[in-house]
């Protein structure tokens, strides 16, 4: 498998060494500038290569260290998959050229009934959208994925219900084995999901990476639905949204003390692609 490394380095002959995987020599073109190197890494070592620094050295005294982050400051190229059905706006946000330049690689979507823990291990981030009904196999697979260090983004009420078990109330059922979402939908214990019509988003924690560079003035959800939630566990409200029923959390994030990071959007995050991509990058930031 090839991993592109973008650089601009002036030298004559160089070698590329990756933490014991091996060394690859190459000769520069006539202009002596490397614009792209395709580093070929054997499949068994591919996971180890993500996020690890590489060193490009010359026959002289100069050397340059790079990482495989693609410029996003994360732990390397970020492979993301949607479980459920993404909205058009989410699919567009995750697959456009600007997103690829940030090192985020979108791999489409999977039906909840088809996923397993081993299948999800191929990805860094799993985004849940478009299907509120997840069976116990899907819940267990996602829980194991996060427990083992995978990162999760959950939207609206995705995965909060079960067709066969009517007593399922939210993501935390069964306790300790459900989907680790740092939020609870208001009304879920009564078998309902309370929603409201959203308007303006406001930042509550300007220092959080999800809010980095976001110009919040003028961001309006245009009356789209938002699920009324409250934070749970280590969940921190990063942004709130004004609705027809008052302010409710818009984005909730949990830390990375145990397992991977988890972010929750109470609305369709494709409406705010900048916030969505910040959240994807944050989940993989060391």
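Only the coordinates and a few stated rules stand behind these numbers; no lab work does. Everything quoted here is computed from the prediction, not taken from an experiment.
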Original post:
Can you tell me the Rg and Dmax of the stretch 78-283, counting just the alpha carbons, in angstroms?
Top reply: 15.6, 45
Original post:
Could you give the distance between the Cα centres of the stretch 229-286 and the stretch 87-122, to the whole Å?
Top reply: 18 Å
